[in-house]
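Heads up: the structure comes next, in structure tokens.
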Amino acid sequence: MAGKAETTGTLYLVSTPIGNLEDITLRALRVLKEADIIAAEDTRQTLKLLNHFGIKNTLVSYYEHNRAEKGDYLVGRLLEGKDVALVSDAGTPGISDPGEDLVRLAVSRGIPVTVIPGPSAVIAGVVLSGFPAGRFAFEGFLPVNRRARRERLSAISRDTRTLVFYEAPHKLLQTLKDLRDALGNRRAAIARELTKKFEEVWRTTLDEAVARYENEPPKGEFVIILEGADERGLREDEIKCWEGISIQDHVRMYLDSGLDRKEAMKKVADDRGISKRDVYKSLIE
Ligand code: SAM
């Protein structure tokens, strides 16, 4: 194939549609046709795609529970000079699916890796949400373990960027409740069945979303997009956080955040509306 190294094959990360088959790219079709092997997360799903476009090729399954042995097998073929096209169930391989392991393995063995960009539910969801798309944080699936989930939610609770999550329909309601309890009743966009017949983008709040799905079992595939934490609210919190503490502890707070002594004293003086001399005096008292 074009761009192939002399002896080693290339790993092609091939994005495929997240619903509408017309979203496949011409390059994706060519690579799926020309690759020596297609490694697919769900071979039945990929076979449907290949049949639709009249492509016949060798399919090998590569998914969550066989990725260790199949990863080694695929790297072996790549090192022999075979080109491997990796496709996930849908969308871009490596985004919340086992693709990233194969990429890591290939990179560690010096195998050329390239991408055929295309659909991904995260990008489709964020641009449709109506929330700022210039800065966003993709959180994928939240951890299932309760404690790990609480820790993750606490870590992102002050993030001012738009937040994007994936969720399976049967876990959607619990996740919406956890998001609301940890992050407050934020504005939310619930993007469902993107690019498919029943595509829906519901711009709402977490409270309303919980209320709806308590009465109606969620169906289809979902991306949850939330507005980021309110920057002004966070600044107000910061003001509150030093109001009850001594000048010494207030200076320590800034030293701990990485400022040097002079900068910390200036910040404390500014916060409290007092002179730097007064800050200095209370430190040596
Ligand atoms: N690699 C894929 C990508 O690039 O988007 C994501 C794979 S992940 C295992 C599957 C999750 O993506 C689903 O549970 C859902 O949250 C989201 N998703 C995939 N297709 C979607 C669609 N058409 N509409 C809404 N969400 C979708």
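Summary table
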{"item": "Pairs where the first residue, in region 11-34, is without any contact (Cβ under 8 Å) to a residue 40 or more places away in the chain and the second is away from the ligand (no atom under 16 Å from the Cβ) and not in a loop (DSSP other than H, G, I, E, B), C-beta under 7 Å, 6+ apart", "result": "L21/H52"}
{"item": "Strands (runs of 3 or more DSSP E) within region 160-232 that include 1 or more residues modelled with pLDDT of 95 or more and among the aromatic types (F, W, Y)", "result": "162-167, 200-205, 222-226"}
{"item": "Single condition L86 does not satisfy, out of (1) within 13 Å of the ligand (Cβ to nearest atom); (2) open to solvent by 30 Å² or more (accessible area, probe 1.4 Å); (3) assigned to a strand (DSSP E or B)", "result": "(2)"}
{"item": "Selected residue (criterion: farthest from the ligand (Cβ to nearest atom)) from residues of region 97-121 that are at pLDDT below 95 and surrounded by fewer than 18 Cβ atoms within 10 Å (Cβ to Cβ)", "result": "D101"}
{"item": "Residues of region 5-25 that turn out to be of a type in the set (A, V, I, L, M, F, W, C) and over 25 Å from the mean Cα position of the chain (by Cα), as a count", "result": "1"}
{"item": "Odd one out for F138, checked against (1) among the hydrophobic types (A, V, I, L, M, F, W, C); (2) outside any helix (DSSP H, G or I); (3) open to solvent by less than 20 Å² (accessible area, probe 1.4 Å); (4) within 11 Å of the ligand (Cβ to nearest atom)", "result": "(3)"}
{"item": "Hits in region 163-183 - residues which are open to solvent by less than 30 Å² (accessible area, probe 1.4 Å) and away from the ligand (no atom under 16 Å from the Cβ)", "result": "L183"}
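The values are calculated or read from the model by the stated rules, or taken from the named source; none is laboratory data. What you see is a predicted model; the values in this text were computed from it and never measured. We place every Cβ from the backbone using ideal geometry, glycine too, and count neighbours over all the protein chains shown. Surface areas here come from the heavy atoms of the whole protein model, side chains and all, with no ligands, DNA or RNA. Shrake-Rupley method; radii C 1.70, N 1.55, O 1.52, S 1.80 Å.
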